[in-house]
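To start, the structure itself, in structure tokens.
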Amino acid sequence: MHYSIREEKAIINAELNSALMFQFLLGIYTGVYVLTVFIYRSHQPESGSTRKFIVNGSLSVLYGTALLSGCLNWWSAASLFCDFGESRTSIFTEALLQTAIPAGVRVLEVASENIAFLFADGLLLWRCFHVCGRSTYKMTIPTILFAGEFALAIAYTVALGLFYENTAYQTTQWSSGSNCIDMPPDLLKNLNQASLVETISENSGRSDSIIPRGLSFVKAFILGNYAQALLTIVTGLAPTLMVARLALSSDSTDEELSSVHLPSELFPDELFTKRSSLSYEESTIQNNAVIEEVSRSQTSTRGNAADNV
């Protein structure tokens, strides 16, 4: 079973359009990041040095990982369309197999994505810790989940690095699984990546067994390209927007009451008791003022009635 020309063009278009979309979103993220850092520094002049370091450092790491992913994405797209642009078949084959991308670049890309996830969740955990009144008891379950995420990220990155490092295993799987390259394994290991793709392209009639087939795979491959580009940017953009919103709303919290009512368990007991006592005193003063005003009006009404009599 061969891929149709329409399916090959769809996958090539997905590779090109997702790369362009990633660069466009990275430009938007760059503007948001610079503006957020400026807003946070100007609206939080009295914040502690530790808090500033954690927030600014997390935002910088998130933007740095997105920028690194953008550079790798641009390099892989240029390699795909420039080094393998002889024909549509060569571009299509390389888009699926990705043999020209070194193993170190793949591991670096996955590691940057995992680092972005960890810092984004860590910044959210830091925010929840302060909202909950720095209560370690209330943050027990989120901390355990974050520790599990950290362990899984490290394990996945290390396992992927070991898998890509084992080049002999990859070439053995390609040769034994496809039977499209009739060469000894020792000779196959010495082939460079470009010649391997060229050999597979020349034997396209027998290379279908190593390339996934089916319309569902084509749709999943296309959606995966766009989803990966969008997820990489949103991972850093969402925490950045959260910091910008909190920095802008911090000026108005001292002058006006918030319209959002949070549960009492999110606040420390002392702070909640103090606010409750202040609210009770304010309501008592307002009630006394209303009672005095009613008494005065009744007295003046009775005096007017006596004069009329």
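The values are calculated or read from the model by the stated rules, or taken from the named source; none is laboratory data. Since we're looking at a predicted model, the values are computed, not measured. We place every Cβ from the backbone using ideal geometry, glycine too, and count neighbours over all the protein chains shown.
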Looking at the range 1-10, which of its residues are buried (at least 19 other Cβ atoms within 10 Å of the Cβ) and either modelled with pLDDT of 85 or more or touching a helix residue (DSSP H, G or I) at 6+ places or on another chain (Cβ under 6 Å) (or both)? Glu7, Glu8
The correct count of residues that are among the small types (Gly, Ala, Ser), out of contact with any helix residue (DSSP H, G or I) (no Cβ under 6 Å at 6 or more places or on another chain) and in contact (Cβ under 8 Å) with a residue 12 or more places away in the chain in the range 220-239 is 1
What's the total number of residues in the range 1-43 that are polar (S, T, N, Q) and within 17 Å of the chain's Cα centre (by Cα)? 4
Quick one: is Arg41 out of contact with any helix residue (DSSP H, G or I) (no Cβ under 9 Å at 6 or more places or on another chain), modelled with pLDDT under 90 and of a type outside the set (Ser, Thr, Tyr)? no
Quick test for you: out of Ile115, Ile91, pick the one residue that is among the aliphatic types (A, V, I, L, M) and in contact (Cβ under 8 Å) with a residue 60 or more places away in the chain. Ile91
Taking the range 155-177 as the search range and keeping residues that are modelled with pLDDT of 70 or more and of a type in the set (A, V, I, L, M), which one is nearest to Glu109 (Cα to Cα)? Leu160
Subset of the range 98-109 (residues that are surrounded by fewer than 17 Cβ atoms within 10 Å (Cβ to Cβ) and within 22 Å of the chain's Cα centre (by Cα)): Val105, Leu108
Taking the range 200-242 as the region of interest, how many residues are farther than 19 Å from Glu15 by Cα and at pLDDT below 90? 10
